[in-house]
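Each remark here refers to the structure printed beneath this line.
Laboratory data are not the source of any read-out in this text; all were calculated from the coordinates shown. Note that this is a predicted model, so its numbers are computed, not measured. Backbone-built Cβ (ideal geometry, glycine too); neighbour counts: all protein chains shown.
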């Protein structure tokens, strides 16, 4: 049961990371300055969200074994 919960949290975090990247790209394309820092900040935020989901999946799978 915990392994399934880990998978669900991982896939939810993947979806959230994709939405963060899309939101960052939208803001970058709409900005008048075309600042690359927007892409970097949103990319790092998406990476952190993905890593948190990955960590949850890893820990919850290890609890099952």
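Please pick out the residue among 31, 37 that is touching a helix residue (DSSP H, G or I) at 6+ places or on another chain (Cβ under 8 Å), exposed (fewer than 12 other Cβ atoms within 10 Å of the Cβ) and over 25 Å from residue 9 (Cα atoms). Outline the logic, then answer.
Values: 37 fails: touching a helix residue (DSSP H, G or I) at 6+ places or on another chain (Cβ under 8 Å).
The conditions single out 31.
Checked against (1) within 29 Å of residue 59 (Cα to Cα); (2) surrounded by 12 or more Cβ atoms within 10 Å (Cβ to Cβ); (3) out of contact with any helix residue (DSSP H, G or I) (no Cβ under 7 Å at 6 or more places or on another chain), residue 46 passes all but a single condition, namely (3).
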